[in-house]
Amino acid sequence: MFKVHFMKKFSSFFFVLILFSACSVSGTKFLSTEKYATSRDEGHEGNSKILKGIINRKLLENDTAFKWLADNYKYANPDAKAIEAFKNKKDKFSIIVFGGTWCHDTQNLLPMFYKLVDKSGFDASKVFLIGVNRAKTTIKKLEVKYAIKNVPTFIVIDKLGIEIGRIVEYGKTGYIDKELGEIVSKIPQ
């Protein structure tokens, strides 16, 4: 029994090690370096600006093409239990977010996510934002490595880079803040 349990744990760890070694030696280090391409979606939704690759919040905040971030942030009101969970476990996890700057779901949900991050005091350097194009592809085939089908996708990972849980688009309930809080609250102390 012990041998089977050990082998399951070891094979999970080995899989994650391979997955993250494709990104960098230290796992998410590769994700913390801004590297993206910009394109325009000619003739679609007012010529949307698309960022594909590793981006960050400041990049979005400082570009007038992404006014939706500030506009929707004003109205976001994250769940108190989710805020508390993020505060209590802030040293136990990081979050990888795949989103499309062209995507209405991302435009609605990313501001709520950032309001949750801000209200909880969660370290912004532990949020890794990856932009995808309309085909939902990005650099280094990260969409394949993380099995991204729809955006936004919020992936909670532990200190070893192992996925703890994820929320895709509006999740099961439509309240991504509550669902993220539930995932984070289950992380062991």
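The values are calculated or read from the model by the stated rules, or taken from the named source; none is laboratory data. In this text, all values refer to a predicted model and were calculated from it rather than measured experimentally. Cβ sites come from the backbone with ideal geometry, for glycine too, and all protein chains shown count toward neighbours. Side chains are part of the model used for accessible areas, which takes the heavy atoms of the whole protein and leaves out ligands, DNA and RNA. Shrake-Rupley method; radii C 1.70, N 1.55, O 1.52, S 1.80 Å.
Given the criteria farther than 26 Å from residue 147 by Cβ, modelled with pLDDT of 95 or more and among the acidic types (Asp, Glu), does residue 61 qualify? Yes, satisfied.
Does the stretch 6-29 include one or more residues that are more than 25 Å from residue 147 (Cα to Cα) and at pLDDT below 95?
Looking only at the stretch 6-29, we keep the residues that are more than 25 Å from residue 147 (Cα to Cα), and these are 6.
Now narrow it down to the ones that are at pLDDT below 95: 6.
For the stretch 6-29, residues more than 25 Å from residue 147 (Cα to Cα) and at pLDDT below 95: present.
Residues that are without any contact (Cβ under 8 Å) to a residue 60 or more places away in the chain and out of contact with any strand residue (DSSP E or B) (no Cβ under 6 Å at 6 or more places or on another chain) within the stretch 77-97 comprise 77, 80, 87, 90, 91, listed in sequence order. Regarding the stretch 57-76, can at least one residue be identified that is part of a helix (DSSP H, G or I), open to solvent by less than 50 Å² (accessible area, probe 1.4 Å), within 26 Å of residue 187 (Cβ to Cβ) and free of Cβ contacts under 8 Å to residues at least 60 places away in the same chain? The answer is no, given that none of the residues of the stretch 57-76 is part of a helix (DSSP H, G or I), open to solvent by less than 50 Å² (accessible area, probe 1.4 Å), within 26 Å of residue 187 (Cβ to Cβ) and free of Cβ contacts under 8 Å to residues at least 60 places away in the same chain. If you check 35, 126 for being of a type in the set (Lys, Arg), within 21 Å of residue 155 (Cβ to Cβ) and at pLDDT 95 or above, only one passes: 126. Against the list (1) in contact with a strand residue (DSSP E or B) (Cβ under 8 Å, 6 or more places away or on another chain); (2) over 24 Å from residue 77 (Cβ atoms); (3) modelled with pLDDT of 95 or more, the condition residue 159 fails is (3).
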